[in-house]
Amino acid sequence: MSDVDTRLKPKAKTKTERPPLYKLILLNDDYTPRDFVVTVLKSIFRMSEGEAMGVMLTAHQQGACVVAVFTKEVAEAKAQQATDAGQSQGYPLAFTTEKEG
Ligand code: NFA
């Protein structure tokens, strides 16, 4: 009878590569009302009033502000959804995405 091999097997390396992340960025403009920007941030990005106000003000003062970080597909879909929300009300509100790192 052959012996059972009791040696420890070298653990197979499970390669769980993380997907590249994309920043979703709010761009300032001169026309979209502040309240509307806050409403969009709250509804689409589930931000609190305070978080949304902070992001809106940073974009207003600095020209742009990172809203959140997602995988490419999610970032692009959410940027489009948020941009569409502005367009539907006649505002030039714009969100873009940018690869991180
Ligand atoms: N700058 C806009 C205003 O003064 C507000 C705004 C902030 C628009 C952030 C877009 C992004 N009404």
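The values are calculated or read from the model by the stated rules, or taken from the named source; none is laboratory data. Fair warning: this is a prediction, and the values are worked out from it, not measured in the lab. Glycine also receives a Cβ, built like all others from the backbone with ideal geometry; neighbour counts cover every protein chain displayed. Please note that ligands, DNA and RNA were not included when accessible areas were found on the heavy atoms of the full protein model with its side chains. Shrake-Rupley method; radii C 1.70, N 1.55, O 1.52, S 1.80 Å.
Computed over the range 1-43, the Cα gyration tensor eigenvalues convert (square root of 5λ each) into semi-axes of 60, 11, 5 Å, ordered from largest to smallest.
Distance between the pseudo-spin-label points of Ala12 and Gln80 (7 Å out from Cα toward the beta carbon): 3.7 nm. Given 37 °C and 0.692 mPa s, how large is the Stokes-Einstein diffusion coefficient of the range 57-101 in µm²/s, with Rh as the Kirkwood radius over Cα pairs? It comes out at roughly 289 µm²/s.
A simple spin-label model places the labels of Asp3 and Thr39 7.7 nm from each other, with each point 7 Å out along Cα-to-Cβ. Comparing Cα centroids, the range 36-50 and the range 1-20 end up 47 angstrom apart.
Keeping all protein chains in place and using 1.4 angstrom, which order do Tyr22, Tyr31 fall into by accessible surface area, from largest down?
The ranking, largest first, comes out as Tyr31, Tyr22.
Close amide H contacts of Met47 (hydrogens built in the peptide plane, cut-off under 5 Å, sequence separation of 5 or more or a different chain): Lys42.
Stokes-Einstein at 10 °C, 1.306 mPa s, Kirkwood radius from Cα pairs: D for the chain in µm² s⁻¹? The diffusion coefficient I find is 102 µm²/s. Ordered by 1.4 Å accessible area with all protein chains kept, Asp35, Asp3, Asp84 run largest first as Asp3, Asp35, Asp84. Rounded to the nearest 10 degrees, the angle from helix 49-62 to the longest Cα principal axis of the chain is 70 degrees. Between Thr58 and Gln89, the FRET efficiency estimated from the beta carbon spacing at R0 = 22 angstrom works out to 0.50. In sequence order, the range 19-35 has phi-based couplings of x, x, 9, 10, 7, 9, 10, 8, 9, 6, 8, 8, 10, 5, x, 4, 4 Hz under the Karplus curve 6.51 cos²θ - 1.76 cosθ + 1.60, θ = phi - 60°, and Gly or Pro positions carry x. Using a simple spin-label model with pseudo-atoms 7 Å out from Cα toward Cβ, Tyr31 and Glu98 lie 2.4 nm apart. Heavy-atom accessible surface of Val74, to the nearest 10 Å², is about 60 Å², with a 1.4 Å probe and all protein chains retained.
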